[in-house]
Amino acid sequence: MGYDRSVSAPEHELGPETVWHLQMPQIRFGRDAVEELGYQLADLGVGGDAHGLLVTDETLVDIGHVGRVRDHLEDAGYDVTVWDGAEREPSIENVDHCIEFVREQEGDAGYDFYLGFGGGSCIDVAKTTRAVIENGGQVLDYIAEPTGEGEALTESGPPLILMPTTAGTGAEISPVAILSVEDQEIKEGISSNHIRADAAVLDPTFTTTLPPEMTAKTAMDALGHAIEGYTTHPFDSLLRASDPGSRPVYAGRTGLTEMFSEKAIDLLSSNVRTAVHNGDDLEARSAMLKGALFGAIAGLTAGASLCHAMAYPVGNRYHTYHGETIAVLTPATTLGYNVASDPERFVAVAEMLGAETDGLGTREAADRARQEYVRLQQDLNVIPSGLNDLAGITEEDIDWLASQTVETQQRLLRCNPRPVTEDDAADIFRDALYNWE
């Protein structure tokens, strides 16, 4: 086994991994789950006179969702301050603003509890803010070298509850926060179990106001997690960590993550058309939120891979939404380049997406996964048809995107079931320019 292809920790033994580990926040799911928010805080040991910070964005304030959350918290006896400055695809500077706000209001000790409410951007700002307040210093202290100082988080801090309003990112259970480094046009992650939330409250009634286009884009991110998690390395093909504490958070697929992937692919692919075209259908919205949760449990434990690695340079340079970037790259990456790693596994993916494979050879049947995925996108009628349609990306842009992928995204490329060189990445970007005409 070559270490270069391993997603295992730098401190490793030259032998296969034999142990897998699953860590999740407490999860509370269901219609009107927000009404149990006070109970959830009390269950985490937060007293009724505690003062907390709710991190969100202006849109959720304007449409009344934040007021609904705040009312339930205040009815339970909690004092809540709202910070609504979270930006789409948040930068390190955006998180710094939230941290400065906390220190100005509450000093270095911060708040008694934190809530992140919104899409993945709001949630990642909340996760990072709590972590930096508790561990001290600045965000860049905990970003990997050479961009940051590469210091490890050692403390989790006061209770953190995350409440998603989209069915997509899975950030509510993830041990990673993704931030833009604007002056370098890259994205970096802080990866640690100390950044993970204590609880996630998922209430599908908050997702019905999400517009069709954003419903589709976030769903494609969730579906990407599920498929990438299903097709990455098995955990026992990776190198054993020297000690349990150095085992990486993206540690390969297991039988458990595979079950979550399979259910997620089914829930998402069979409900997204309804959710996009009839957003008030609460049954479809609930299925989508559950599918996104299951996809995150699978993909964000086993490991996101090539598609996510290639999406970050695109998002940084062209300021595209993460979900739509995943959508246009998945056909060429996960369902294109990676099929050769294990065609039989991709036959299963094709069938989960609804493809008919009877009578086909293994490789031909595996390729049906890409065809079925593209057909799904065309049915949604709101997904760009490729990188060119997404952001005007052309052949002239490919060399930079390929070099950025290989130079800045090794954390994710090590999760990929096939090795990826810069030339490979360029070919894949070229393939993704046009998914259909």
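Beta carbons closer than 7 Å, at least 6 apart along the sequence or on distinct chains, pair a first residue in segment 95-111 that is assigned by TED's automatic domain parsing to the domain that holds Val132 and in contact (Cβ under 8 Å) with a residue 60 or more places away in the chain with a second that is part of a helix (DSSP H, G or I) and of a type in the set (Val, Ile, Thr) for Val95/Val125; Val95/Thr128; Val95/Thr129; Val95/Val139; Tyr111/Val102. Within segment 310-319, the set of residues being modelled with pLDDT of 95 or more and either assigned to a loop (DSSP other than H, G, I, E, B) or within 24 Å of Glu258 (Cα to Cα) (or both) comprises Met310, Ala311. Selection within segment 168-207: residues that are under 12 Å from Leu289 (Cα atoms) and modelled with pLDDT under 95. The member of this set that is farthest from the chain's Cα centre (by Cα) is Gly168. Can you tell me which residue within segment 128-147, out of those that are within 21 Å of the chain's Cα centre (by Cα), among the hydrophobic types (A, V, I, L, M, F, W, C) and in a helix (DSSP H, G or I), is farthest from Pro164 (Cα to Cα)? Here the answer is Leu140.
So, Ala226, is that one in contact with an Asp or Glu (Cβ under 9 Å, 6 or more places away or on another chain) and assigned by TED's automatic domain parsing to the domain that holds Ser246 or not? When the stated conditions are applied, Ala226 passes them. Just one of (1) within 21 Å of Ala327 (Cβ to Cβ); (2) modelled with pLDDT under 95; (3) touching a Phe, Trp or Tyr at 6+ places or on another chain (Cβ under 8 Å) fails for Leu390. It is (2). Applying the criterion of being farther than 24 Å from Met214 by Cβ and surrounded by 19 or more Cβ atoms within 10 Å (Cβ to Cβ) to the residues of segment 51-63, the residue that is farthest from the chain's Cα centre (by Cα) is Gly52. Looking only at segment 153-169, residues that are touching a residue at least 60 places away in the same chain (Cβ under 8 Å) and in a strand (DSSP E or B) come to 4 in all.
Annotation: Ala241 fulfils all but one of (1) in contact with a Phe, Trp or Tyr (Cβ under 7 Å, 6 or more places away or on another chain); (2) among the aliphatic types (A, V, I, L, M); (3) more than 26 Å from Val314 (Cβ to Cβ); the unmet one is (1). Condition test on Ala298, is it within 18 Å of the chain's Cα centre (by Cα) and not assigned by TED's automatic domain parsing to the domain that holds Ser191? Yes. Looking across segment 327-347, just one residue is surrounded by fewer than 20 Cβ atoms within 10 Å (Cβ to Cβ) and within 23 Å of the chain's Cα centre (by Cα), and that is Arg345.
Any residue that is touching a residue at least 12 places away in the same chain (Cβ under 8 Å) and surrounded by fewer than 24 Cβ atoms within 10 Å (Cβ to Cβ) - is there at least one of those in segment 215-233? Within segment 215-233 (the criterion being touching a residue at least 12 places away in the same chain (Cβ under 8 Å) and surrounded by fewer than 24 Cβ atoms within 10 Å (Cβ to Cβ)), the answer is no, since none of the residues qualifies. Among the residues of this structure, Val420 counts as one that is in a loop (DSSP other than H, G, I, E, B) and in contact with a Leu (Cβ under 9 Å, 6 or more places away or on another chain). Scanning segment 105-127 for residues that are outside any helix (DSSP H, G or I) and of a type outside the set (A, V, I, L, M, F, W, C) yields a total of 9. The set of residues in segment 330-340 being under 17 Å from Ala226 (Cβ atoms), assigned to a helix (DSSP H, G or I) and not β-branched (Val, Ile, Thr) consists of Asn338 alone. Between Ala292, Ala327, Ala304, Ala251, the distinction of being outside any helix (DSSP H, G or I), within 14 Å of Gly168 (Cβ to Cβ) and in contact (Cβ under 8 Å) with a residue 60 or more places away in the chain belongs to Ala304 only.
So that you can scan it fast, the table gives a plain yes or no per residue for (1) among the aromatic types (Phe, Trp, Tyr); (2) surrounded by fewer than 20 Cβ atoms within 10 Å (Cβ to Cβ); (3) under 17 Å from the mean Cα position of the chain (by Cα); (4) modelled with pLDDT under 95:
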position	(1), (2), (3), (4)
Val82	no, yes, no, no
Gly85	no, yes, no, no
Asn94	no, no, no, no
Ile99	no, no, no, no
Glu106	no, yes, no, no
Phe113	yes, no, no, no
Gly118	no, no, yes, no
Cys122	no, no, yes, no
Val125	no, no, yes, no
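Restricting segment 250-261 to residues that are surrounded by fewer than 21 Cβ atoms within 10 Å (Cβ to Cβ) and either of a type outside the set (S, T, N, Q) or touching a His at 6+ places or on another chain (Cβ under 9 Å) (or both), which is nearest to Pro417 (Cα to Cα)? Only one residue tops the list, namely Glu258.
The values are calculated or read from the model by the stated rules, or taken from the named source; none is laboratory data. This is a predicted model, so every value here is computed, not measured. As a convention, Cβ positions derive from the backbone with ideal geometry for all residues, glycine included, and neighbour counts pool all protein chains shown.
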